[in-house]
Amino acid sequence: MNILVTICARAGSKGARNKNIRNFCDHPLVLYTLEAYRSFCDKAEGIEGCIRLALNTDSKELIEQMEESGVDYILVRREEELAGGAVAKFDVIKDTLLKAEVMCETNFDIVLDLDLTSPLRTWKDIDGTLSALLDDEEADLAYSVTDARRSPY
């Protein structure tokens with residue numbers, strides 16, 4: 001089984017300006033996602049095949065942060081038509097998958113998308129979501145959620 005892990009983060013933001021390159025508790029936000037990814041790879045049991053990380057972005061600053069992290073990854077430069085705020089994330093993930101398969105000369109069986117703005121995610125969250133997908137033969141999608149502390153309305 002070949003797994004592609006994606007991080008899709010565009011430059012700019014409609015909500016919090018430059019949120020994807022900000023620091024959280026004195027560390028770049030991307031480092032929390034990368035630590036969860038590294039731990040997941042280290043602890044991935046029974047997965048035969050490869051696990052690859054792909055970054056889809058148009059942010060020079062985010063690419064610099066990734067380079068400084070030392071993590072091996074595939075860079076998929078975000079096309080201008082996929083950089084707008086109204087673009088569905090599915091389209092960006094699909095673009096990342098198609099380009100990563102060509103770059104790696106590999107067909108990926110599963111795509112795990114890690115949202116960059118989830119610094120409290122752990123490797124157990126990633127593993128649990130993957131397990132939920134693999135345990136249900138009828139499922140073709142799984143995602144993790146958590147109860148809200150309060151209503152956003």
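The values are calculated or read from the model by the stated rules, or taken from the named source; none is laboratory data. Nothing here was measured: the structure is a model prediction, and the numbers come from that model. Here the Cβ positions follow ideal geometry from the backbone for every residue, glycine too, while neighbour counts run over all protein chains shown. With ligands, DNA and RNA removed, areas are computed over all heavy atoms of the protein, side chains included. Shrake-Rupley method; radii C 1.70, N 1.55, O 1.52, S 1.80 Å.
Being over 19 Å from SER13 (Cβ atoms) and either surrounded by 15 or more Cβ atoms within 10 Å (Cβ to Cβ) or modelled with pLDDT of 90 or more (or both) is a condition met by no residue of region 77-92. The listed residues are ALA54, ALA44, and the only one of them that is open to solvent by less than 60 Å² (accessible area, probe 1.4 Å), modelled with pLDDT of 90 or more and within 27 Å of CYS25 (Cβ to Cβ) turns out to be ALA54. Here ASP95, ASP72 are screened, and the one residue that is open to solvent by 40 Å² or more (accessible area, probe 1.4 Å) and either touching a Phe, Trp or Tyr at 6+ places or on another chain (Cβ under 6 Å) or among the acidic types (Asp, Glu) (or both) is ASP72. Among the residues of region 85-118, those identified as part of a loop (DSSP other than H, G, I, E, B) and farther than 25 Å from GLU45 by Cβ are GLY85, ALA86, VAL87, ALA88, GLU105, LEU116, THR117. Applying the condition of being open to solvent by 20 Å² or more (accessible area, probe 1.4 Å) and at pLDDT 80 or above to region 9-18 and asking which residue is nearest to ALA83 (Cα to Cα) yields ARG10. Listed by first and then second residue, the pairs with beta-carbon distance under 7 Å, at least 6 apart or on different chains, first residue in region 83-94 and over 20 Å from LYS60 (Cα atoms), second open to solvent by less than 40 Å² (accessible area, probe 1.4 Å), are ASP91/LEU82.
Suppose we keep only residues that are touching a residue at least 40 places away in the same chain (Cβ under 8 Å) and of a type in the set (S, T, N, Q) within region 104-153. Which one would you say is surrounded by the most Cβ atoms within 10 Å (Cβ to Cβ)? Filtering region 104-153 for residues that are touching a residue at least 40 places away in the same chain (Cβ under 8 Å) and of a type in the set (S, T, N, Q), the one surrounded by the most Cβ atoms within 10 Å (Cβ to Cβ) comes out as THR117. On the stretch given as region 35-67, residues that are outside any helix (DSSP H, G or I), within 24 Å of GLU105 (Cα to Cα) and either hydroxyl-bearing (Ser, Thr, Tyr) or touching a residue at least 24 places away in the same chain (Cβ under 8 Å) (or both) total 13.
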